[in-house]
Every structure is written in C-alpha cells, then in structure tokens.
Amino acid sequence: MAEIINLKNLSKNEVPERLKVEFYFDFNKYPFRHQDLFNGPEINSVVAVLDAIHPYACQWIEKAISQKATSGNVKVLDPQDFRGKCIGDFTVYVEEQAVFEPAFIKGSIKEKRSLFVGKGTILIGSSIFLDEGDIYIGENNSVEPGVGIKGPTIIGNKNEIRQGTYLRGDVIIGDGGTFRGEIKNGVMMDKANFPHPSYVGDSICGYATHFGNQATTANLGIYAGIFGKKNVVIELGDKKYDIGRPKIGIILGDWSQVGCNSVSDPGVFVGPNTIFYSLCRISKGFYGPNEVLKNKPLEHGIIERAPLKT
C-alpha cells in the first residue's frame, strides 16, 4: 500500500506542481485584489488557501472599514435606524450614492459588528447576518431582494447578486461577477459567473469561471454521515496525499466551466480552460488544463449498484 503523505507537512518546494496555486490561477495575467491570500507564509499549496480564507477576510474587512469610516462621505447608522428590522448590536457605514434598505439585520449580542456599503451599490430587501463576522460590500453592486449575506464576507465592485443568493460566510467575491446560488468558505475571482441555482462550498474559482444551471459541488463525502468525517486523500501519480481537511469542493482554474446539472465529488482539481459538458459526474481527481470532458451514458452507463459494506 502506498504511503499517504501529509500535504500540510510539505514545504512549498516539495508540493507537486498540480497542487500549487500558480497551476490554476495566473495573477500576472488576471490580477486579483485579494491575491495576498494566496501568498502567505502558511500557503504551501492551493488547498491551504481554504484554511486561510476566514482569518484573511476578517483582517481585510476590519482594515478596509476603518479606512472608509474616517472619510467624509460616509453615513453612519446603528440599530436605532432600523427599528423593527434588526436585533443585536452593529454599525453600518453607507457611502454617498448608495441605497441601503435591508429587510433584516442580525447583529451580535457579544460584540459590535460592522457593515460597509460602497457608493453606487443598491441593496434592497436583503437579509444581513453580522453575528459571526463583518461584511464589506464594494461599489456599484446590485443586491436584489431575497439575498442573504452572512459575515465575514467581502464583495468587490460591479457584481450582480441575484435574488436567492446565499453567501454563508467566509466568502470573498471579486469584481464583475454574477451570482445566484449558495457559497460557503469560497473565493470567486473577477468575472466569475455563477448566475443560477448551485452550491459552491470550500472551493476556489478562478477568473471568468462558470457554473451552468443546477451545477453543484459536493464538499463532504457521502459516507461521512455513517462512518464519520475523515480527511480527503487524493492520488497524484503514484503517490497519495492527505489534504488535512475533510471538506473540499472544487478548485476551478481560470476560464474553466462546469455544465448544467453536473456535480463534482469532494476533491476535484480542474486546470485552466477546461470544460465539462452537462450531466457530468466529476469524480475526485485532476482534470485539464485545456480539456473537454463529456458524459457518454449510452456508451458507458452512469450508475453502478453495489452493496453497502459496514
């Protein structure tokens, strides 16, 4: 049996190329405001970024809001300004030329939380949850009624956040994207296009990536409810790597796309410029770059039946 290597214990130089950040994302060609997240001393692989999202988002939001709060074109609001539509303690900073009319705000009973809304952003009828972290919403975003946003979350500029979107916290969104599904502990870079119902958890999606309608990620093994959560182990070449976490969705390289009604297993790594046709079941492993993958049910079948071995 092949030795299982602990990915977290490897130095950056020891990590195979297919598990490095730069294999999937070209920040020279497509600069990203939050690319420092990928360059920290603790980041030895693209998987390590998933554990860094929460602390990075918390620190970045705190610094960004503190800078914005001192400018002269910010209106400061508190729970008294949202009577009947809020609980808990919080502060909201709204730049001039922004419209902020939420349906509900949940603050914190332990500590004061903060929300910033940038100029040109229109947020009407959305639910805001600050009890677990602060929220930063940049400029010229459209946030439609029925959206739910939990902190810590960062939303960049010029995004269309459609009705039904649920940002569950530890979410970083770049600029110029479109969203409607559920995102949790994930990074969506500039021009990311996830405009239909979908789930993206514990995932990193690069520049101009796309999910078709009802495409989704599985971020936890289906047997975890019976046998307990275990770290995902991936095979690369003749070696096996324990990634150090039981939850991982998809790593989707720049310009890659997942077709309608496709689903990815936990631990799918997709290189740039890779396309999955509709109705693909994407097994754990490595795909791309520059590849097209098609489901062929008539030739190969899509379901195998086997007994459950306890």
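The values are calculated or read from the model by the stated rules, or taken from the named source; none is laboratory data. Everything numeric here is computed off the predicted structure, so don't read it as measured data. Cβ sites come from the backbone with ideal geometry, for glycine too, and all protein chains shown count toward neighbours.
Structure values in brief
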{"item": "Any pair with Cβ under 9 angstrom, 6 or more apart, that starts in the stretch 285-309 at a residue that is on the phi > 0 side of the Ramachandran plot and ends at one that is loosely packed, with under 10 Cβ neighbours inside 10 Å and at pLDDT below 70", "result": "none"}
{"item": "The stretch 184-225, residues that are over 17 Å from Tyr166 (Cα atoms), free of Cβ contacts under 8 Å to residues at least 24 places away in the same chain and either in contact with a Pro (Cβ under 7 Å, 6 or more places away or on another chain) or of a type in the set (A, V, I, L, M) (or both)", "result": "Ile222, Ala224"}
{"item": "Hits in the stretch 40-79 - residues which are part of a loop (DSSP other than H, G, I, E, B) and among the charged types (D, E, K, R)", "result": "Glu42, Asp78"}
{"item": "Some residue of the stretch 82-94 being over 30 Å from Ile109 (Cβ atoms) and basic (Lys, Arg)", "result": "no"}
{"item": "Residue match in the stretch 288-310 (condition: in contact with a strand residue (DSSP E or B) (Cβ under 7 Å, 6 or more places away or on another chain), at pLDDT 95 or above and among the small types (Gly, Ala, Ser))", "result": "no"}
{"item": "Some residue of the stretch 2-11 being hydrophobic (A, V, I, L, M, F, W, C), closer than 16 Å to Met188 by Cβ and in contact (Cβ under 8 Å) with a residue 60 or more places away in the chain", "result": "no"}
{"item": "Flag for Val258 being crowded, with 22+ Cβ neighbours inside 10 Å, of a type in the set (Val, Ile, Thr) and either at pLDDT 95 or above or in contact with a His (Cβ under 8 Å, 6 or more places away or on another chain) (or both)", "result": "yes"}
{"item": "Every residue from the stretch 100-152 that is in contact (Cβ under 8 Å) with a residue 40 or more places away in the chain, outside any strand (DSSP E or B), buried (at least 18 other Cβ atoms within 10 Å of the Cβ) and of a type in the set (A, V, I, L, M, F, W, C)", "result": "Leu130"}
{"item": "Residues located in the stretch 185-209, provided they are surrounded by fewer than 20 Cβ atoms within 10 Å (Cβ to Cβ) and part of a strand (DSSP E or B)", "result": "Asn193"}
{"item": "Failed item in (1) buried (at least 18 other Cβ atoms within 10 Å of the Cβ); (2) closer than 25 Å to Gly285 by Cα, with Ala57 passing the rest", "result": "(2)"}
{"item": "Residue check for Ile222: in a loop (DSSP other than H, G, I, E, B), at pLDDT below 95 and of a type in the set (A, V, I, L, M)", "result": "yes"}
{"item": "Members of the stretch 82-115 found to be closer than 18 Å to Gly148 by Cβ, touching a helix residue (DSSP H, G or I) at 6+ places or on another chain (Cβ under 9 Å) and not small (Gly, Ala, Ser), listed by number", "result": "Cys86, Ile87, Phe90, Val92, Pro102, Phe104, Ile105, Leu115"}
{"item": "Breaking point among (1) modelled with pLDDT of 95 or more; (2) under 24 Å from the mean Cα position of the chain (by Cα), for Ser108", "result": "(1)"}
